[in-house]
Amino acid sequence: MAAGSLALSRLSSAQTAPGVVLEIAPYTLEASPKHHIRTVAYNGRVPGPLIRMREGQQQSVEIRNKSANPEIVHWHGLFLPSEIDGAMEEGTPMIAPGATTRYTMQPSPAGFRWYHTHTFAGKDLTKAQFGGLHGFLLIEPGSNPAPYDREVFLALHDWNGHFMSSDDGYMNPVYEVSTINGKMLGFGDPIQVKSGERVLLHILNSSPTDVHWISFSGHTLKVIALDGNPVPQPQTVPMLRLAPAERVSAIVEMNNPGQWVLGEVRKHVQVAGMGIVFEYANAGGTPIWNQPEDLVWSYRQFANPAASPSPAITPISLTFDAKFQGHGNEELWLINGLTYPQNSAPDKFPRLQAGQRYRLILHNKSMDDHPIHLHRHTFEVRAVEKGPEISGLLKDVVLVPAGTTVEVEFLANHPGKTLLHCHQQDHMDRGFMMVFDYA
Amino acid sequence: MRKSGVLCVNLIAVAVCLLAAHAAAAQGNYEIQVYGADTVAPKNLMVELHSNFTPEGQKYYIDGVIPTNHQEHETVELTEGINDWSEVGFYIFSSWQDGHGVQWVGDHIRPRVRAPDSWHLPVGLSLSTEIGYQRAVYSPDTWTWEIRPIIDKTVGRWYFAVNPALERTFHGPDVKQGLGFAPGAKLSYDLTPVISAGFEYYADYGRLGAVDSLHNQQQQIFAVTDLNVSPKWEINFGIGIGPTAATDHLIVKGILGRRFDWGKHSPVE
């Protein structure tokens, strides 16, 4: 069950120092000497500090908002009460400019999670997830899913967006700058590795809207976890695909000395800066990039064949579609024909029963792919791509391609308001959300 | 989109004739289009066919120019994208008419540049210039030049474009007339994702600084529809009226365009 408590009052200096302090304040990111991005960040850095917590161990958190706008911190992938999960739609209070909030939580489940803002951007493509408010969160497990020598955390992000007409006739954000850990390729410090090391990469796509394809020249990636959850069938793959908010944890055997680029496979995104150099000890020369010729990825390869379905599953069918608003506007997003909040009214949607298992049947009738995120729960992907049903693939974000149907199941075991939404910031802002409530 | 330089030069010449002849205008409508600010992408070729028919136009020869009544004009426009902010267009004008058959009319070349996206302007902005030749039986002014600023803006379902074009004759009766002012404008509304409807306005006010009387100005307004069936296709239909004496009174126009991407693209892109 979700566990945590909230103390909204202003803090007194006599209180015990919190375990985690996040200070939200304006910050200028130097992505390169020629690219200075004025944004808002946690603790004066992008991405924010790596936070490690022990699963189930009570943790106090203090959030100071020194920015000019109300803020909120969403703990993405955790089973927390609605009051502190970090979504206004679930009932978490916003933190006013200048205010400080403190609460305690018992973080679970274990795995690679993250924290980020959960506010509205609208047409301002510097706000909310378009800015720098994101950071890594690792809930330490009792045992690691695979042996490794060291961990490296990488955040993919896109900056300086502006709306442009796309081929589908709608306005979509495009970006001038793309970074890994806040730096454009060639401008951050290389990651130093040693020959023979087993490096566990934790890669987060914190982009506000874009899917990213990542390969590591000279090396392969053994995927052991998706969205922080160990996969039933770890696989060695030539590249990764990460939809917005997705995470991949992969082991890399450092067995090819030299300087190598880990970066976006699509050239135009890498040119915008999405890449980072790995440098072996005592390696000379210049960083090498081997351009892949295809985009290769499948969720199915990491899953088990489907087991017998559970007898008591309640289906919930959700159809995603867009409502045209003119070629000079973004579309309005609809779930079952209604936008948020109309689609979440009590008469529009049945309440969840605690303890019941549900199957979400996600029909995407639109022309866009959508990374669908369910708050406060983990779901099991059961039907995706072509082929028979699968099992064992646990995630909190799944990419539902345009014109397809994806099916996921979850156990309703964390009572309280629960948000489901597309993790593309501009889609969220245009109504692509709904709130489940428990009976 | 815009109306061709051929047309405008013809219109100026005809307007001068009208002053003496007191006759309705003769004009040649070869490309009737108000330009949007965007340019064709690099390594892309846009092929357009402009088909314009004049059900009710000038019925008499004026100064050796063939009358426009019941003329069918077919113009092939080839536009190649150079880079993210420039293109070059090339035109082949032709005319068909009873008694004259199919005739080559002339050719124009039209380079264009636009403000790059990185400027983040609140409107689309580009600048086109066009130079070319047309036969004297279709236009007394045979060598002409045009410069055309283009501004456009999309707001929600509304689209607006204005082309305040200036024209100059290099060879022909109007060579001493200086710059002429021939603006075009468009206002349209997205009825659905596929269908837009609106109006296009074309005018030729005559010489800059000494505009013609309304009677002798070119004034046309078209009811138009654009069909946005695919990014590869451009489809535009319209019917226009010319209320002044110097304008063809009724014109039907159509544009069918197809974009060809001839660049090599990696599958990963």
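The values are calculated or read from the model by the stated rules, or taken from the named source; none is laboratory data. Keep in mind that this is a model prediction, so the values were computed, not measured. Note: ideal-geometry Cβ built from the backbone for every residue, glycine included; neighbour counts use all protein chains shown.
Overview of values
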item: Answer residue from region B:137-159, given it is surrounded by fewer than 17 Cβ atoms within 10 Å (Cβ to Cβ) and aliphatic (A, V, I, L, M) and is nearest to the other protein chains (Cβ to nearest Cβ) among those; result: B:Val155
item: Selection from region A:24-67 of residues that are in a loop (DSSP other than H, G, I, E, B), at pLDDT 95 or above and surrounded by fewer than 19 Cβ atoms within 10 Å (Cβ to Cβ); result: A:Pro33, A:Lys34, A:Asn43, A:Gly44, A:Lys66
item: The lone exception for A:Asp369 - which of (1) within 14 Å of chain B (Cβ to nearest Cβ); (2) surrounded by 14 or more Cβ atoms within 10 Å (Cβ to Cβ); (3) out of contact with any helix residue (DSSP H, G or I) (no Cβ under 7 Å at 6 or more places or on another chain) it fails; result: (1)
item: Index of the failed condition, A:Trp159 passing every other in (1) aromatic (Phe, Trp, Tyr); (2) surrounded by 19 or more Cβ atoms within 10 Å (Cβ to Cβ); (3) not in a strand (DSSP E or B); result: (3)
item: Those residues of region A:380-439 which are of a type in the set (Ser, Thr, Tyr) and either in a loop (DSSP other than H, G, I, E, B) or more than 24 Å from A:Gly337 (Cα to Cα) (or both), in sequence order; result: A:Ser391, A:Thr404
item: Test: residue in region A:271-283 that is free of Cβ contacts under 8 Å to residues at least 60 places away in the same chain, of a type in the set (A, V, I, L, M, F, W, C), surrounded by fewer than 16 Cβ atoms within 10 Å (Cβ to Cβ) and more than 25 Å from A:Gly182 (Cβ to Cβ); result: no
item: Conditions (1) within 14 Å of another protein chain (Cβ to nearest Cβ); (2) in a loop (DSSP other than H, G, I, E, B): number failed by A:Glu176; result: (2)
item: Within region A:388-407, tally of residues that are touching a Lys or Arg at 6+ places or on another chain (Cβ under 6 Å) and either among the hydroxyl-bearing types (Ser, Thr, Tyr) or under 25 Å from A:Tyr438 (Cα atoms) (or both); result: 1
item: Matching option when the condition is of a type in the set (A, V, I, L, M), more than 27 Å from A:His118 (Cβ to Cβ) and modelled with pLDDT of 95 or more, among A:Val252, A:Val248; result: A:Val252
item: Enumeration of residues in region B:160-189 that are in contact (Cβ under 8 Å) with a residue 40 or more places away in the chain and within 22 Å of A:Glu330 (Cβ to Cβ); result: B:Ala161
item: Region B:215-238, subset over 24 Å from B:Val47 (Cβ atoms) and surrounded by fewer than 15 Cβ atoms within 10 Å (Cβ to Cβ), residue farthest from the chain's Cα centre (by Cα); result: B:His215
item: Sole residue being modelled with pLDDT under 95 and within 14 Å of chain A (Cβ to nearest Cβ), chosen from B:Pro193, B:Pro243; result: B:Pro193
item: Unmet criterion (only one of (1) within 30 Å of A:Met367 (Cβ to Cβ); (2) touching a strand residue (DSSP E or B) at 6+ places or on another chain (Cβ under 6 Å)) for B:Tyr202; result: (1)
